[in-house]
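A short write-up of the structure that comes next.
The values are calculated or read from the model by the stated rules, or taken from the named source; none is laboratory data. On a predicted model such as this, the values are computed, not experimentally measured, just so you know. Positions of Cβ are backbone-derived with ideal geometry, glycine not excepted, and every protein chain shown enters the neighbour counts. To get the accessible areas, we keep the full protein, side chains included, count just its heavy atoms, and leave off ligands, DNA and RNA. Shrake-Rupley method; radii C 1.70, N 1.55, O 1.52, S 1.80 Å.
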Amino acid sequence: MRVEPPPYHRFTVEEYYRMGEVGILAPDARVELLDGRIYDMLPVGPFHSSVESRLVPLLSSTAKGRWIVRGQSPVHLNDGSEPLPDFTLVKPRADHYKQKHPRPEDVFLLVEVARTSLPFDRKAKLIAYALAGIAEYWIVNLKAKSVEVHRGPLPIGEYSQMSRHKKGEVIAPAAFPDLQIAVADLF
Amino acid sequence: MLTSVPTHDLTVEEFCRLADEGAFGPNARVELLDGEVFEMLPIGPFHAYSNRYLTNYFAWIGKGRWLVDMQNPVLLNNRSQPQPDFTLLRDLGEEYSTRHPGPADIILLVEVSENSLRFDQGRKLATHAKAGIREYWIVNLVKLWVEVYRQPSPAGTYDSVTRKQGEDLIVPEAFPDATMQVSKLLGR
């Protein structure tokens, strides 16, 4: 028997912004739009924040103008998806994307730090990122203290390569092999 | 929960405000269930037949004991305002001109279901049970039977579940004379 998904109404990015304008979404609401559905972002505990704090210099120090690091900033995937990943490394632009959020083709690397949201990051978000063609997607798994590296987005909503890395290993994005991060340094 | 991250809940008030703003387009058929907006799927002739049969039969046999309603909103709680295919309502005179019917007003709620079975048997059923909808039928157009749910529990399930098909008679618990044959309801 074919199992059909519930008939969700899918909001467009335009409708989502409009909800913010008329106060249905509060100005400080921590929400993101994925595949037409609006999600509340989970509160961030201190361990999560500490990993993000460690990642900032690690992702920035070797940039030499080759990329811009954005934290919890929107990526416009398509007309129904505008998530706020924890980090993105995007193509440099003089205006720092002042007029329009980065598109998938602007993104070298996207990083989500995950604890309770791990199933969501591995499933709904992964599918959305792969479908949109986000070249490389890392999930920092707080519980396992490991990093899952996904490369080669496929139009079926999967990544063709996945590898898991733990303490003792060093990882680097395919776009910038010199941006080397020791997994141990994250936790 | 399917995903570990909650969807952002809308209240009925916010949903109505969005609808008034035209957020859902001029031709949208949408309803709010547990704070989330769902599309109401287009209705083909098989579905329409059952809707129409229920309405005409119960209107004819009612003799003033109830009102029949088709696809109008019902207000279940602050997060749910669905539009069931068919309801039998207590007749409250002009009261429904100021508010939508609520769970206490609904004698029977029916969904005719073809492409949304999993939804009607799953999330909708749980919402109806939690809201205390006392009797809920799903006219299953795929299996050609009617699922009869009674005795809602606050856990989101119905304690009594039966299935009727073919020449079986179905009847709302509140009114034992209002029997109909499943094959007549389906038109096959």
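Being open to solvent by less than 10 Å² (accessible area, probe 1.4 Å), of a type in the set (D, E, K, R) and either over 14 Å from A:Val75 (Cβ atoms) or not in a loop (DSSP other than H, G, I, E, B) (or both): is that true of A:Lys143 here?
no
If A:Leu42 satisfies every condition in (1) away from every other protein chain (no Cβ under 13 Å); (2) out of contact with any helix residue (DSSP H, G or I) (no Cβ under 6 Å at 6 or more places or on another chain) but one, which is the exception?
The failed condition is (1).
Name the single residue, out of those in segment A:21-38 being surrounded by 13 or more Cβ atoms within 10 Å (Cβ to Cβ) and among the small types (Gly, Ala, Ser), that is nearest to the other protein chains (Cβ to nearest Cβ).
Going through the qualifying residues, I end up with A:Ala29.
With a cut-off of at least 2 residues that are surrounded by fewer than 14 Cβ atoms within 10 Å (Cβ to Cβ), name the strands (runs of 3 or more DSSP E) lying wholly within segment A:39-136.
Correct list: empty, since no element meets the threshold.
Specify which of the listed residues (B:Leu10, B:Leu41) is part of a loop (DSSP other than H, G, I, E, B) and at pLDDT 95 or above.
Result: B:Leu10 is the single residue among B:Leu10, B:Leu41 that is part of a loop (DSSP other than H, G, I, E, B) and at pLDDT 95 or above.
Kindly check whether there is at least one residue in segment B:67-90 that is of a type in the set (Gly, Ala, Ser) and more than 17 Å from B:Met40 (Cα to Cα).
No; the residues of segment B:67-90 include none that is of a type in the set (Gly, Ala, Ser) and more than 17 Å from B:Met40 (Cα to Cα).
How many residues does segment A:39-71 hold that are in contact with a Ser or Thr (Cβ under 6 Å, 6 or more places away or on another chain) and at pLDDT 95 or above?
3
Of A:Arg10, A:Arg18, which residue is basic (Lys, Arg), open to solvent by 60 Å² or more (accessible area, probe 1.4 Å), within 9 Å of chain B (Cβ to nearest Cβ) and closer than 23 Å to A:Leu126 by Cα?
Checking each option against the conditions leaves just A:Arg10.
From B:Gly102, B:Gly132, which residue is in contact with a Pro (Cβ under 6 Å, 6 or more places away or on another chain) and either aliphatic (A, V, I, L, M) or within 18 Å of B:Pro73 (Cα to Cα) (or both)?
Just one listed residue meets the conditions, B:Gly132.
Hey, could you check segment B:10-45 for residues that are of a type in the set (D, E, K, R) and at the interface with chain A (Cβ under 8 Å from one of its Cβ atoms) and say which is surrounded by the fewest Cβ atoms within 10 Å (Cβ to Cβ)?
Only one residue fits best here, namely B:Glu21.
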